[in-house]
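Have a look at the structure below before the remarks.
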Amino acid sequence: MSPVILNGDSSHHANGTNGINSIKEHVSLDGFGTRAIHVGSEPNPETGAVIPSISLSTTYKQDGVGNHKGFEYSRSGNPNRNALEATLAALESGGSSAIAFSSGSATTATVLQSLGPDAHIISVNDVYGGTFRYMTRVAAVNQGLETTFVDLENADDDTIRAAFRHNTKLIWIESPTNPTLRLIDIPRIVSLAHEAPSHPLVLVDNTFLSPFYQSPLVLGADIVLHSLTKYVNGHSDVVMGALILPAHHAALTEKLRFLQNAIGAVPSAYDCWLAQRGAKTLHLRMKAHGTNALAVARALQRSPHVEEVIYPGLSTHPRNDLAYRSLSSQARTFVDKYLKANGDDAGGFPYGGMISFRIRGGAAQAEKFLTATRLFTLAESLGGVESLAELPAQMTHGSIPPAERALLGIGDNLVRLSVGVEEEEDLVADVEQALEVAAASA
Ligand SMILES: Cc1ncc(COP(=O)(O)O)c(C=O)c1O
């Protein structure tokens, strides 16, 4: 087994020194796209292979008892998983270690289990449905977890302060939220958390923007979570999740890594290899997702058949300033160049690939639109190279009771788009023709 590059912090991570130096060097010298391609992917010193091999062995030879090359058993550590974790730690700015899991949901479950019995957390009210389900129907029942759901976008400081209890251990943020793309001011929530006597950690689910557009650890968060299933892998062929933590949380990282092994919800070597391959083009894809989504959002804005377009990159979006302020440094560079080239005509700036809109009419027009598109495939999930469209009220958010859906603004005419990286003109034309078909059906 040849050495791999590591995020090297624990006993089951082999050959630490070279890996650690290499990552530090890359992080200080190289930009996002360069790190995506090189960290965790150094040529194999034995064979010269430029791309890591897939290491399927479940167990590893020991030269004497306890004398091994850093790998003992593949649940505890695997070369491809370590390599992917190194890549992720180098991409999520402010990160030092990453821990990969078999799904975003397994990642969520592991974090919440780490809180122990009878903890209290505060969660954004618009959280991903599966996260809501785990909090309220699994952790609540099995470990006595109590969750207070708060509108972290609009609640004033005193309302948020009033939600803190002596045992509040975590604040769970998702920003932008799904599907209404509300934006949460992460530094504001972090400073409220620092004031709280129980010193809760702040976790940000950064799935929607990916490490390219938003760097929550730089904004003061303690933990970042990703469903790698979405943008990081980016090709709709892997289900996986990960946590990324900063260097000052070494003890917490160890605790979560212990649970990764003890609970065992680990990804396969092949999936890690695929996700690492996907991550190599994250920067290219995220720029294309962003420019395509802005073009589609503007086409939707121009249409008489659309009531409202929700895309935080649009200059008309109520939180457009916050979106700009919270851009990662690499996204800021990209967006500033884009604005310089396109000026005010741009109508906004690229900000990820997710758009929601309310079609004029109701469920019938929404459904007609969804079956009239030629390129947007009617399907759940998001973040792949191909464009997808769905009806949250009946699909991704169908399990939320209608009254709560209404409160969250998830009506029957709300359509969610995951804008892919096809040609911009083709996607705009597809949306425009499907809107005409839907309107004609009224
Ligand atoms: C924001 C967000 N977080 C977490 C998850 C869960 O991830 P997974 O489907 O990989 O379990 C999802 C899935 O859609 C999601 O959208």
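Couple of notes before you dig in:
- Share of pairwise Cα separations in the stretch 104-228, more than 21 Å, in percent: 32
- Reported to the nearest whole Å, the Cα centre-to-centre distance from the stretch 418-442 to the stretch 332-411 is 12.
- Zero-based 5 Å bins, Cα pair distances in the stretch 197-271, whole percents: 3, 14, 22, 23, 21, 13, 4, 1, 0
- Evaluated with a Cβ-only charge set (Lys, Arg +1; Asp, Glu -1), the stretch 282-440 carries a dipole of roughly 500 debye about its Cα centre, given to the nearest 20.
- Fewest-first ordering of 326, 441 by other beta carbons within 10 Å of each residue's beta carbon gives 441, 326.
- With Cα atoms, 0 to 90° folded angle of helix 424-440 axis to the chain main axis: 40
- Where only alpha carbons of the stretch 259-369 are counted, the Rg and the Dmax (Å): 18.2, 55
- Part-to-part distance (alpha-carbon centres) for the stretch 218-271 and the stretch 117-193, which is given in Å: 20
- Here the stretch 42-146 is assigned +1 on the Cβ of each Lys and Arg and -1 on the Cβ of each Asp and Glu. Its dipole about the Cα centre then comes out at about 280 debye.
- Charge dipole of the chain about the Cα centre (unit charges at C-beta), most positive-ward option of 381, 299, 225: 225
- Relative intensity of the stretch 282-440 on a log10 scale, I(q)/I(0) at q = 0.13, 0.17, 0.19 Å⁻¹, equals -0.58, -0.99, -1.20, per a Debye sum over C-alpha point scatterers of equal strength in the absence of solvent.
- Exposure proxy shown here: for 219, 414, the number of other Cβ atoms within 10 Å sets the order, fewest to most, as 219, 414.
- Packing-based ranking, highest mean first, of 95-101, 137-143, 85-91 given that Cβ atoms within 10 Å are counted: 85-91, 95-101, 137-143
- Working note: Karplus 6.51/-1.76/1.60 with θ = phi - 60° gives the stretch 387-403 the couplings 7, 10, 9, 7, 10, x, 4, 10, 10, 4, 10, x, 7, 7, x, x, 5 Hz, where Gly and Pro are set to x.
- Overall dimensions of the stretch 272-320, expressed as equivalent-ellipsoid semi-axes from the Cα gyration tensor (√(5λ), whole Å, largest first), are 30, 11, 9.
- The angle between the Cα long axis of helix 104-113 and the main principal axis of the chain comes to about 60°, on a 0 to 90 degree scale.
- Burial ranking of peptide ranges 230-239, 200-209, 108-117 (average Cβ count within 10 Å, highest at the top): 200-209, 230-239, 108-117
- Interatomic Cα distance distribution for the chain, bins of 20 angstrom, percent: 26, 56, 18, 1
- Across the chain, Cα pairs under 8 Å and at least six residues apart give a relative contact order of 15 percent.
- Size descriptors for the stretch 155-298 (Cα atoms only): Rg and Dmax, in that order, 16.9, 49 Å.
- A Förster radius of 30 Å combined with the Cβ-Cβ distance from residue 321 to residue 158 puts the calculated FRET efficiency at roughly 0.85.
- Rounded to 5, the percent of DSSP beta bridges in the chain classed as antiparallel: 55
- Straight-line cross-link reach from residue 69 at under 29 Å between alpha-carbon atoms covers these lysines, not counting any fewer than eight positions away in the same chain: 24, 61, 255, 280.
- Cα coordinate range in the stretch 341-387, projected on the principal axes (Å, largest first): 39, 27, 17
- As a rough footprinting exposure proxy, the listed residues 248, 289 were ranked by other beta carbons within 10 Å of their own, and the order from fewest upward is 248, 289.
- Spin-label model distance (nm) - residue 342 vs residue 432, 7 Å beyond Cα toward Cβ: 1.6
- Taking N as its residue count, the alpha carbon Rg of the stretch 68-172 over 2.2 N^0.38 Å: 1.31
No lab work stands behind these numbers, since they all come straight from the coordinates. None of the values given here were measured: they were computed from a predicted structure. Ideal geometry is used to build each Cβ from the backbone, glycine not excepted, and the neighbour counts take in all protein chains shown.
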